[in-house]
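Notes follow once the structure below has been shown.
The values are calculated or read from the model by the stated rules, or taken from the named source; none is laboratory data. Everything numeric in this text was worked out from a predicted model, so none of it was measured. Cβ coordinates were reconstructed from backbone atoms using ideal geometry, including for glycine residues, and neighbour counts include every protein chain displayed. Only protein heavy atoms, including side chains, enter the accessible area calculation; ligands, DNA and RNA are left aside. Shrake-Rupley method; radii C 1.70, N 1.55, O 1.52, S 1.80 Å.
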Amino acid sequence: MVACARAPAPFDASELGSHVQSDVELLASDMKETSAPITLYEAIARALKYNRERKLAAMEAALVARQLDLAQFDMLPELTASAGYSDRNKYLASASTTFNGDTPVPLSANPTYTVAQDKERTARSVTFSWNILDFGLSYVRAGQQGDRYLIAGEKIRKVRHNIVRDVRVAYWQAVAAQNLIGKLAPLLVRIDQAIADSQRIERARLSPPVDALTYQKSLLDIRRTMHEQMRRLTSAETDLKRLMGMLPATQIELADMPYDVPQIDVSLSDMEIMALTQRPEVIEARYQDRISRSDVRAAMLDL
């Protein structure tokens, strides 16, 4: 028995390298260079323009919009066009005779023939058809697709809200890291020196061992907390670059803006009403509920 087989063909290193290089160039192709220190508002604007998640949501909304156009075309009448051509080598001739009661009289020796068609004939036809039940079903489906288009718009709005929120948090964390990391490093050196001094005092029996160990434990807790804070502050700039669509190795400088605590002069009940009115997830759920109710109507029309 002979069978055809094809062995797996993995990419070689040079081919993968060329793909990676083209991908990196593509990622940086539409990115505008930064010169001045980046402010909070510029960071938000760059994130809304270059963030990949927002672009993906916009592309999904565009796809739903095209599907909406297709659903609306389904409501139009159907058009059917046909054409044909026939050719004969002889005429389609016929002769007439009379009847004697129910019996036709035989043709004479030289009957007279008539022709109703040419040897060559072309036929064309155009037909419009429109079914009221099909129109009703298409009308319901188009309404559902319109709701899906509105849901896609709410998803874009949700992505924008999340981007603005995340950029604001990451920006102030990165500014704090920019101002504090240089001050935390000397403080860590002093903590290490204090731990070493406490250990020398403990070995020299200049203080009770319990007091020295308690002091060292407090210093170690402070050092662990500072290391965690430095790690959190160091990753803030990387998160900000990711939100703005930048490569991790991109060098940026942040503007040291004054932080003003916003004053919200809105009552709690008004904020609850505003959240239920404008929250994208709530509006999306209401559109989805309308789509589900339309499914029942479409099923009845389909029957």
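Observations
- Residue in the range 207-218 that is in contact with a Leu (Cβ under 8 Å, 6 or more places away or on another chain) and at negative phi present: no
- So Val169, is it open to solvent by less than 50 Å² (accessible area, probe 1.4 Å) and in contact with a helix residue (DSSP H, G or I) (Cβ under 9 Å, 6 or more places away or on another chain): no
- The range 185-198, subset in contact (Cβ under 8 Å) with a residue 24 or more places away in the chain and open to solvent by 30 Å² or more (accessible area, probe 1.4 Å), residue nearest to Met230 (Cα to Cα): Leu187
- From the options Asp260, Asp239, Asp221, residue that is assigned to a helix (DSSP H, G or I), of a type in the set (Asp, Glu) and free of Cβ contacts under 8 Å to residues at least 60 places away in the same chain: Asp221
- Residues in the range 273-303 that are open to solvent by less than 90 Å² (accessible area, probe 1.4 Å) and farther than 24 Å from Glu154 by Cβ: Ala299, Leu301.
- Lone unmet requirement of (1) open to solvent by less than 80 Å² (accessible area, probe 1.4 Å); (2) more than 23 Å from Asn51 (Cα to Cα) for Asp270: (1)
- Subset of the range 232-265 [exposed (fewer than 11 other Cβ atoms within 10 Å of the Cβ) and within 21 Å of Arg54 (Cβ to Cβ)]: Pro248
- Just one residue in the set Arg168, Arg190, Arg205 is among the basic types (Lys, Arg) and assigned to a loop (DSSP other than H, G, I, E, B); that residue is Arg205.
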